Amino acid sequence: MSEAVTRTVTAPPGLLGSLDPLLREWLPRQRWFAGKGRPVTGFSLVTATELLPADSRLGLYHLLVRAHQPLVASHGAPEHPGDCYQLLIGVREALPPRLAPALIGHVTEGPLTGRTVYDALYDTRPAEVLLEALRTRARIGGLRFEREQGQEIRNGLVPRVVTAEQSNSSVVYGDTFILKVLRRIVPGINPDLELPLALAHQGCPRVPAPTAWMVADLADQPWVLGVLQPYVQGATDGWELALRELAKGEDFSAEARSLGRATAEVHTALARALPTVTLGHMQLEQLVAGMTERLEEAVQAVPALRPYAPGLHSAFTALADLAAEGRTWTAQRIHGDLHLGQCLRSPSGQWALIDFEGEPAKPLAERRMPQPPVRDIAGMLRSFDYAAHSADPAVPGWAETCRAAYCSGYAEISGRDPRTDPVLLRAYETDKAIYEVVYEARHRPDWLPVPLSAVRRLAAADLT
């Protein structure tokens, strides 16, 4: 294994000040910016690392910046430090046309006056710098680039940025690796690295094993910045595949069954690799209280939910009643945000699960908590429902057939069919559908009928 490369670097004073007016305009337009709807009033610098000297033809800075925003979008509202974002800032005299989509702006003050800055992940040379740092296990300033024991990264892999909208950014290297660059950064162990590593050490083939990763060491904690994994060439994500089969009127139940088997394999391996806990009466009370609180907030936010509120509430009280009778459940580490778009099918027909970050809006500690596996299952069942409603014309019974096949496939591996625990499954499906109603009402009103149809079904369910 090659020796690690260590380099001490400093960034020029006044760097963030020179970028501030440009970032205020550019950052809120990015798909991965979490504070939409609230103005950015300023930035504070967490770290700045020079990866390529800015006085050369091409400069490159790695920044962690905290965006300051008011707590609510109103004049005079109190501000808070806000989220921390990872930025890779390229510096050139002028951008060639191929980099026009990456433009951040032209600097008019400070150490970069007269230069043009842009999102460097779109550029070949900066992307190569990151891969070389991972290959050599470099230490550059406060950045640490790690590589899994026994994994090799060869030279000469040509990078290309993934332009599809994502909650993070990705660069593919020569159809061999894909580097996921996390954008919204939090201190601590990110499950998007932790869980795939644990699964790789269990020999689970359903998740691409991390080859290397980027970390910033700050305040005695690791901040995971990115993960390099094998690229599944020719793979199709489950959402695209489902819509394609729907458009052709093809049956998807065999794929749904295979996907259920893959999910169960991942859950089984995670239960072996990491601790499990028993959820008793007290833990279930807290779980039900959280679900109930989310329902009450959703009813206030979306009036269309009000007629269904009593029926939805019964899904949670039924779970509380079982807990009061002494029923317990096992909780373990899970995917945390499972749906068809988080699954890849290779050309050979094998399914893989990706993106173990969980719901980025939730605190890291919550995303790392053990939870019943049925939460992942409920997410996938809701995803089949979304796919079915995307078809035009609709295919009657498509979602129901896929949901049944998925649960059957899951049972083939785990030995437990999720449908044999209907109270728990209904509670988690209900919680997920309520979340979807609020999301669609705020962001995609045209999609609101999709979760509302599930709400009607779940509110009317009689499991007695």
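The values are calculated or read from the model by the stated rules, or taken from the named source; none is laboratory data. Treat the numbers as computed from the prediction; the structure is a model and nothing was measured. Cβ atoms come from the backbone with ideal geometry, glycine included; neighbour counts cover every protein chain shown. With ligands, DNA and RNA removed, areas are computed over all heavy atoms of the protein, side chains included. Shrake-Rupley method; radii C 1.70, N 1.55, O 1.52, S 1.80 Å.
All other residues with a Cβ under 14 Å from the Cβ of LEU322 taken together, and with Lys, Arg as +1 and Asp, Glu as -1, what is their net charge?
Working: positive: ARG327, ARG426; negative: GLU285, ASP321, GLU325, ASP421.
Within the 14 Å Cβ shell, the charges total -2.
Averaged per residue, what accessible area in Å² does segment 110-205 show with a 1.4 Å probe, protein chains only? Present the calculation step by step, with values, prior to reporting the outcome.
On the way: 3700 Å² over 96 residues.
It amounts to 39 Å² per residue over segment 110-205.
Taking the 0 to 90 degree range and rounding to the nearest ten, how far is the long axis of helix 309-324 tilted relative to the main principal axis of the chain, both from C-alpha atoms?
80
Of HIS62, ALA219, HIS281, which is farthest on the positive side of the dipole of the chain, counting Cα position, with +1 on Lys and Arg Cβ, -1 on Asp and Glu Cβ, and the Cα centre as origin?
HIS62
Which value, in debye to the nearest 20, describes the size of the charge dipole of the chain about its Cα centre when Lys and Arg Cβ atoms bear +1, Asp and Glu Cβ atoms bear -1, and nothing else is charged?
Values: 47 positive and 53 negative charges, 109 e Å.
Charge dipole of the chain: 520 debye, to the nearest 20.
Expected output is a single nm value to one decimal: the length gained when fully extending between ALA219 and ARG160, i.e. 0.36 nm times separation in residues minus the C-alpha distance. What is it? Mind showing how you got there, number by number?
Values: separation 59, 0.36 × 59 = 21.24 nm, distance 3.34 nm.
Extra length available between ALA219 and ARG160 comes to 17.9 nm.
Taking all protein chains as present, what is the carbon and sulfur share of the accessible area of the chain, in % to the nearest whole number, probe 1.4 Å? Present the calculation step by step, with values, prior to reporting the outcome.
On the way: 10700 of 20460 Å².
Using a 1.4 Å probe with all protein chains present, the chain comes out at 52 percent carbon and sulfur.
Towards the positive end of the charge dipole of segment 237-282, with charges on Cβ (+1 Lys, Arg; -1 Asp, Glu), say which of PHE252, THR263, TRP239 has the farthest Cα.
THR263
Can you give the longest run of the chain that contains no GluC sites (Glu not before Pro) sitting in a DSSP loop with at most 14 other Cβ atoms inside 10 Å? Walk me through the numbers on the way to the answer.
On the way: sites that count: GLU3, GLU93, GLU109, GLU152, GLU165, GLU250, GLU325.
That would be 326-464.
What number, in nm² with one decimal, is the all-direction average of the projected area of the convex hull of the alpha-carbon atoms of the chain? Let's see the in-between values first.
Working: hull surface 95.8 nm².
Projected area, direction-averaged: 23.9 nm².
So if I average 1/r over every pair of distinct C-alpha atoms in segment 261-303 and take the inverse, what Kirkwood radius in Å does that give?
On the way: mean 1/r = 0.0763 Å⁻¹.
Hydrodynamic radius (Kirkwood, Cα pairs) of segment 261-303 is 13.1 Å.
Beyond 26 Å between alpha-carbons counts as too far, so tell me which of LYS180/LYS362; LYS36/LYS180; LYS362/LYS432; LYS36/LYS248 fall in that bin.
Numbers: LYS180/LYS362 19 Å; LYS36/LYS180 22 Å; LYS362/LYS432 14 Å; LYS36/LYS248 37 Å.
The pairs that break the limit, which is 26 Å between Cα atoms, are LYS36/LYS248.
Return the sequence-ordered ³J(HN,Hα) values of segment 115-123 in whole Hz as given by the Karplus equation 6.51 cos²θ - 1.76 cosθ + 1.60 applied to θ = phi - 60°, using x for Gly and Pro.
Coupling constants for segment 115-123: 9, 10, 10, 7, 6, 5, 5, 7, 9 Hz.
Estimate the FRET efficiency between SER348 and ALA309 by the formula 1/(1 + (r/R0)^6), using the beta-carbon distance for r and 51 Å for R0, to the nearest 0.05. Show your work: numbers first, answer last.
Working: r = 47 Å, r/R0 = 0.92.
That pair, SER348 with ALA309, gives E of 0.60.
Would you be so kind as to identify which of LEU448, GLN229, HIS389 lies farthest towards the positive end of the dipole of the chain, taking Lys and Arg as +1 and Asp and Glu as -1 on Cβ and the Cα centre as origin?
GLN229
Counting only heavy atoms of protein chains, what accessible area per residue, in Å², does segment 327-462 have with a probe of 1.4 Å? Write down the numbers at each step before the final one.
On the way: 5570 Å² over 136 residues.
Counting only protein heavy atoms, the per-residue value for segment 327-462 is 41 Å².
If one puts a single equal scatterer on every Cα of segment 211-331 and applies the Debye formula without solvent, what log₁₀ I(q)/I(0) results at q = 0.12 Å⁻¹?
-0.96
If we count every other residue with Cβ under 11 angstrom of LEU284's Cβ, Lys/Arg +1 and Asp/Glu -1, where does the sum land? Numbers along the way, then the final one.
On the way: positive: ARG327; negative: GLU285, ASP321, GLU325.
Summing Lys and Arg as +1 and Asp and Glu as -1 gives -2.
Can you give the longest stretch of the chain with no exposed loop site, where a site means trypsin sites (Lys or Arg not before Pro) in a DSSP loop (not H, G, I, E or B) with at most 16 other C-beta atoms within 10 Å?
Numbers: sites that count: ARG31, LYS36, ARG57, ARG154, ARG327, ARG416.
Looking at the chain, 155-326 is the longest stretch - no exposed trypsin sites (Lys or Arg not before Pro) with at most 16 other Cβ atoms within 10 Å.
Using the Karplus curve 6.51 cos²θ - 1.76 cosθ + 1.60 with θ = phi - 60°, what ³J(HN,Hα) values do you get for each residue of segment 146-151, in whole Hz, with x for Gly and Pro?
Values per residue, Gly and Pro as x: 10, 9, 4, 3, x, 8 Hz.
Rounded to whole Å and sorted largest first, list the principal axis extents of the Cα atoms in segment 177-220.
Rounded to whole Å, the extents work out to 34, 21, 15 Å.
Report P(r) for segment 376-464: all Cα-Cα distances, bin width 10 Å, range 0 to the bin holding the largest distance, values in whole percent.
The percentages, shortest bin first, are 16, 48, 30, 6.
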